[in-house]
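The values are calculated or read from the model by the stated rules, or taken from the named source; none is laboratory data. Note that the coordinates shown come from a computational prediction; the quantities given were computed from them, not determined experimentally. Positions of Cβ are generated from backbone atoms using ideal geometry, with glycine treated the same way; all protein chains shown enter the neighbour counts. For the accessible areas, the whole protein counts, side chains as well, though only heavy atoms, and no ligand, DNA or RNA atoms are used. Shrake-Rupley method; radii C 1.70, N 1.55, O 1.52, S 1.80 Å.
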Amino acid sequence: PVMSAASFETLALRSLPEVQRLAYYGALFAIADADHNVDDAESTLIFETLDLEPLSSEARKRVFQLAIEPPRLATCLEQLRDASAEVRHSLMLNLIDIALVDESIEFGEHVGLRDAQELLGIDPNDIQDMHDLAYHAQHDGDAKNGSVARRPLRFAPGS
């Protein structure tokens, strides 16, 4: 079931421990760099996802280091492997969102998404719904108020 544009929700990352938030953000930078080229659209989308306010000053510096030198995707995913299903599913959705933003999924991004799906324990049947949701978030926004969908996107199966 594809979510309607009006049902876009933003995942609240503030409840995650700082180390997991850094891993989440690191994964976003890593998937953008999977094709060895972080383009402007990917970078813009990631920065729309970041919520730096409640982070310590050290963690904020770390986020900017991740932007300059993206980590290995697998390293970030390992730190989130035991996160809640909501966090893991929403991370997968946001990884797809970033991979799609430049209109094509490059080979390195495809490999990274497949690895993420396996490491995060995401049901392959959910992947198409996530792909559709990311596409609609980028192209339709929120039809009710004419705004774009806010990031990070929250994945709620069956919505």
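Look through Ala74, Ala67, Ala85 and report the one residue that is on the phi < 0 side of the Ramachandran plot, touching a Phe, Trp or Tyr at 6+ places or on another chain (Cβ under 9 Å), open to solvent by 10 Å² or more (accessible area, probe 1.4 Å) and hydrophobic (A, V, I, L, M, F, W, C). Walk me through how you get there before you give the answer.
Numbers: Ala74 fails: touching a Phe, Trp or Tyr at 6+ places or on another chain (Cβ under 9 Å); Ala85 fails: touching a Phe, Trp or Tyr at 6+ places or on another chain (Cβ under 9 Å).
Exactly one residue qualifies, and that residue is Ala67.
Here are some residues: Glu48, Glu106. Which one is open to solvent by 40 Å² or more (accessible area, probe 1.4 Å) and closer than 21 Å to Arg154 by Cα?
On the way: Glu106 fails: closer than 21 Å to Arg154 by Cα.
Sole residue among the options that is open to solvent by 40 Å² or more (accessible area, probe 1.4 Å) and closer than 21 Å to Arg154 by Cα: Glu48.
Taking the conditions exactly as written (touching a helix residue (DSSP H, G or I) at 6+ places or on another chain (Cβ under 9 Å), part of a loop (DSSP other than H, G, I, E, B) and open to solvent by less than 70 Å² (accessible area, probe 1.4 Å)), does Asp115 satisfy them or not?
no
Yes or no, residue by residue, for (1) out of contact with any Lys or Arg (no Cβ under 6 Å at 6 or more places or on another chain); (2) in a helix (DSSP H, G or I); (3) not hydroxyl-bearing (Ser, Thr, Tyr):
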site: Thr44; (1), (2), (3): yes, yes, no
site: Glu78; (1), (2), (3): yes, yes, yes
site: His89; (1), (2), (3): yes, yes, yes
site: Gly121; (1), (2), (3): yes, no, yes
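Return yes or no: is Val19 of a type in the set (A, V, I, L, M), loosely packed, with under 15 Cβ neighbours inside 10 Å and farther than 22 Å from Asp132 by Cα?
Criteria met by Val19.
Residues of segment 34-43 being touching a residue at least 12 places away in the same chain (Cβ under 8 Å) and open to solvent by 50 Å² or more (accessible area, probe 1.4 Å), which ones?
At the first step, the residues of segment 34-43 found to be touching a residue at least 12 places away in the same chain (Cβ under 8 Å) are 34-36, 38-39, 41-43.
Passing the criteria: His36, Val38.
Given (1) touching a His at 6+ places or on another chain (Cβ under 9 Å); (2) modelled with pLDDT under 95; (3) assigned to a loop (DSSP other than H, G, I, E, B), identify the lone condition not met by Gly108.
(3)
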